[in-house]
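Everything below concerns the one structure shown next.
The values are calculated or read from the model by the stated rules, or taken from the named source; none is laboratory data. Quantities reported herein were computed from a predicted structural model and do not represent experimental measurements. In this analysis, Cβ positions are derived from the backbone assuming ideal geometry, glycine residues included, and neighbour counts consider all displayed protein chains. Heavy atoms of the whole protein, side chains included, go into the accessibility calculation; ligands, DNA and RNA do not. Shrake-Rupley method; radii C 1.70, N 1.55, O 1.52, S 1.80 Å.
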Amino acid sequence: MNIIVCLKQTFDTEAKIELKDGEIATQGIKHIINPYDEFAVEEALKIKEAQGGEVTVISVGDDQAQEALRQALAMGADKAMLVKNPQGDEYAVAKVLAKAVAGMEYDLILGGHVAIDDGSGQVATRLAQELDLPQVNVVTKLELKDGQAECTREIEGGSEIVETPLPAVVTCQKGLNEPRYPSLKGIMQAKKKELKQVTPEELGVEVEKQVEILEIFLPPKKEAGKIIEGEAEEAGKELVRLLKEEAKVI
Amino acid sequence: MAIWVIAEQRDGELKKVSLEMLSKGQELAEELGTELEAVLIGDEIEGLADSLAAYGAAKVYVAEDEELGTYSSEGYSQVISELIEENEPDAVFFGHTAFGKDLAPRVAQKAGAGMVSDITAVEVEADQLVFTRPIYAGKAFTKSKVLSKPVVATFRPNVQDLGEAAETSANIETVDVDLADIRAKVKEVKQQSGGRVLLTEADIIVSGGRGMKGPENFDILEQMADVLGAAVGASRAAVDAGWREHQYQVGQTGKTVSPTLYIACGISGAIQHLAGMSSSKYIAAINKDEEANIFNMADYGIVNDLFKVVPVLTEEFKKVL
Ligand SMILES: Cc1cc2nc3c(=O)[nH]c(=O)nc-3n(C[C@H](O)[C@H](O)[C@H](O)COP(=O)(O)OP(=O)(O)OC[C@H]3O[C@@H](n4cnc5c(N)ncnc54)[C@H](O)[C@@H]3O)c2cc1C
Ligand SMILES: Cc1cc2nc3c(=O)[nH]c(=O)nc-3n(C[C@H](O)[C@H](O)[C@H](O)COP(=O)(O)OP(=O)(O)OC[C@H]3O[C@@H](n4cnc5c(N)ncnc54)[C@H](O)[C@@H]3O)c2cc1C
């Protein structure tokens, strides 16, 4: 079973977001593997351990994204590829990823259901369409047998069991597994593993972006609200009165 | 030339977000001087077309087929993609729900189109749609426009106002369906909502955190929620402790919610929790620590023991509702 994992490097979840010249300031920010992509790496490794095969991690990003790929290699992935200095939007990233995997042999492509920075939740599904593969999103349980995948996926107020032939694109959600930490041995071995770097030009893909960001802005600072004084009984009554008469929400 | 709303229905019931998109879509269509139309897909669903017309759809494309009785990404996207190719709408709107998130990127890529996800606002500027959406879990926002045609967008539920329903019947265009092989198929659907409103659609959410001290204490939140017709959410601390299931988690790695009122009980207000609920219209917090970060967000705060305050609230809500 050969598995490709799409992996995006993102800001740490604690990162304080500031603007500099109208762009998100990246200085002093700690970077991590997108948490959902970490579930994808772990799942790929578990499948490999059970059934054999190879795990390849791919990222579209800048030089720094090498760290994230190295970490996945240290967890146990076999090979990594970085497509450097991309331009553009989700449409473009999906096109680039499709080209990057075109020459590879794979049975399954895993990714996160959303990246916690841009958070559009588009890239993996766009990639599935680009490769004309079936996709199952927001998966919390994945079982493979006889060239089929049985996936439990989250929907509003419940779940769905979806069955699909392989190859397919599956995006991971919390609950699927507990990602491992890289071992010291893993970290040592990762240094020797292949981390191929290519550019979109070398892949022969040139794409125009379809979405233009006009402005980035920070949300207006919320004024701290009213603290309601008094004992529980009094304060409770007052809160209900305010919700009814002032906020008019009940 | 038209704005399309892809209607979402489950078990023959329309999702509120579809009607919200129509209400907003009607305004936008007027401003742009174009038509508002809806697409309805499923099995035995034609009866729903009138509701779509009532909220402003001048025409409803209805694709009915037994194979479309259960949702499939490939089947539904094929129907929509063929319709787009034939009719060339200017914009296609989906709800940012499990359905829309699964379908919209597939449709967009097929059309070679750009898409803006999880939008919280849209306006017309210089004859173009400009979308506002949160990034970094609401720590920043972008305004963007889509350069392709069609423009694809997914709308966050519960953010757009619902207009008035008109008394009208639908102008229906029946769509011929000839599905290719569908590979990924839904075998089973497990609903777990137990009759309560869904978190992502709820007008009022009552949420509990580590301050609830144990799973059994969520009963007092359930009782308050029953009185309010509210949904019950939880912080990750409560979920990780095994007190609530993950699907009720609000936050960066849980659900994003936009209710009119969010009542946070025993929740400290960690950045990852705020990420999921900061777009609530009103926030009320009960926490015994006056330094808790949630009070920086809350419109109304009570510094006290939640076990004393929540029962009072429940009784008071009963009186005024
Ligand atoms: C140099 C640069 C320029 C950009 N310019 C624009 C622009 O002009 N307009 C615009 O709208 N956006 C722009 N972006 C943002 C870009 O569109 C998104 O960051 C990117 O498409 C990923 O979308 P997302 O973060 O929402 O991922 P999601 O769609 O939420 O990610 C879902 C999953 O897809 C996979 N995935 C996503 N991104 C990658 C990746 N890069 N590598 C590998 N796997 C991935 C992961 O498995 C991830 O969990 C730019 C980004 C870069 C790096
Ligand atoms: C990658 C990542 C993702 C995360 N995603 C999420 C997410 O999606 N959602 C989320 O919620 N968190 C998330 N977290 C966790 C987050 O950082 C916090 O740990 C979590 O939100 C804390 O939950 P809490 O407020 O319930 O608990 P605590 O921070 O422990 O707060 C409990 C509060 O209850 C109060 N309290 C105690 N007893 C009482 C009482 N009797 N009456 C009144 N008040 C009382 C205390 O004063 C305290 O303020 C994430 C963290 C990481 C690193």
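Within region B:33-65, can you find the residues that are open to solvent by 50 Å² or more (accessible area, probe 1.4 Å) and in a helix (DSSP H, G or I)?
Of region B:33-65, the ones open to solvent by 50 Å² or more (accessible area, probe 1.4 Å) are B:33, B:35, B:43-44, B:46-47, B:50, B:64.
Within region B:33-65, B:GLU46, B:GLY47, B:ASP50 meet the criteria.
Being modelled with pLDDT of 95 or more, facing chain B (nearest Cβ under 7 Å) and assigned to a helix (DSSP H, G or I) is the requirement here; does A:GLU233 meet it? Let's see the steps before the verdict.
Numbers: modelled with pLDDT of 95 or more: yes; facing chain B (nearest Cβ under 7 Å): yes; assigned to a helix (DSSP H, G or I): yes.
Here the answer is yes, as A:GLU233 does meet what is asked.
One residue is enough: does region A:146-161 have a residue meeting the conditions touching a residue at least 40 places away in the same chain (Cβ under 8 Å), surrounded by 17 or more Cβ atoms within 10 Å (Cβ to Cβ) and facing chain B (nearest Cβ under 10 Å)?
Yes; the residues of region A:146-161 include at least one that is touching a residue at least 40 places away in the same chain (Cβ under 8 Å), surrounded by 17 or more Cβ atoms within 10 Å (Cβ to Cβ) and facing chain B (nearest Cβ under 10 Å).
Might you check whether a residue that is in contact with a His (Cβ under 8 Å, 6 or more places away or on another chain), outside any strand (DSSP E or B) and near ligand 2 (Cβ under 8 Å from one of its atoms) occurs anywhere in region B:270-281? Give the steps one after another, and end with the answer.
At the first step, the residues of region B:270-281 found to be in contact with a His (Cβ under 8 Å, 6 or more places away or on another chain) are none.
Within region B:270-281, none of the residues are in contact with a His (Cβ under 8 Å, 6 or more places away or on another chain), outside any strand (DSSP E or B) and near ligand 2 (Cβ under 8 Å from one of its atoms).
When the residues of region B:172-194 are narrowed to those that are within 10 Å of chain A (Cβ to nearest Cβ), in a loop (DSSP other than H, G, I, E, B) and closer than 30 Å to B:ALA57 by Cβ, which ends up nearest to the chain's Cα centre (by Cα)?
Step by step, filter region B:172-194, then rank; the result is B:SER193.
Name the residues in region A:121-141 that are open to solvent by 20 Å² or more (accessible area, probe 1.4 Å) and either assigned to a strand (DSSP E or B) or at the interface with chain B (Cβ under 7 Å from one of its Cβ atoms) (or both), would you?
A:GLY121, A:GLN129, A:GLU130, A:VAL138, A:THR140, A:LYS141
One line per residue, one yes/no per condition, for (1) within 16 Å of ligand 1 (Cβ to nearest atom); (2) open to solvent by less than 10 Å² (accessible area, probe 1.4 Å); (3) more than 8 Å from chain A (Cβ to nearest Cβ); (4) over 16 Å from the mean Cα position of the chain (by Cα):
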{"residue": "B:ILE267", "(1), (2), (3), (4)": "no, yes, yes, yes"}
{"residue": "B:LEU274", "(1), (2), (3), (4)": "no, no, yes, yes"}
{"residue": "B:ASN287", "(1), (2), (3), (4)": "no, no, yes, yes"}
{"residue": "B:GLU291", "(1), (2), (3), (4)": "no, no, yes, yes"}
{"residue": "B:PHE295", "(1), (2), (3), (4)": "no, no, no, yes"}
{"residue": "B:ASP299", "(1), (2), (3), (4)": "no, no, no, yes"}
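State whether one or more residues within region B:206-219 are within 16 Å of ligand 1 (Cβ to nearest atom) and within 26 Å of the chain's Cα centre (by Cα).
Step one: filter region B:206-219 for residues within 16 Å of ligand 1 (Cβ to nearest atom), giving none.
No, because not a single residue in region B:206-219 is within 16 Å of ligand 1 (Cβ to nearest atom) and within 26 Å of the chain's Cα centre (by Cα).
From the list A:ILE47, A:ILE17, which one is over 16 Å from the mean Cα position of the chain (by Cα), modelled with pLDDT under 95 and open to solvent by less than 20 Å² (accessible area, probe 1.4 Å)? Step through it out loud before you land on a result.
Working: A:ILE47 fails: modelled with pLDDT under 95.
Answer to the check: A:ILE17.
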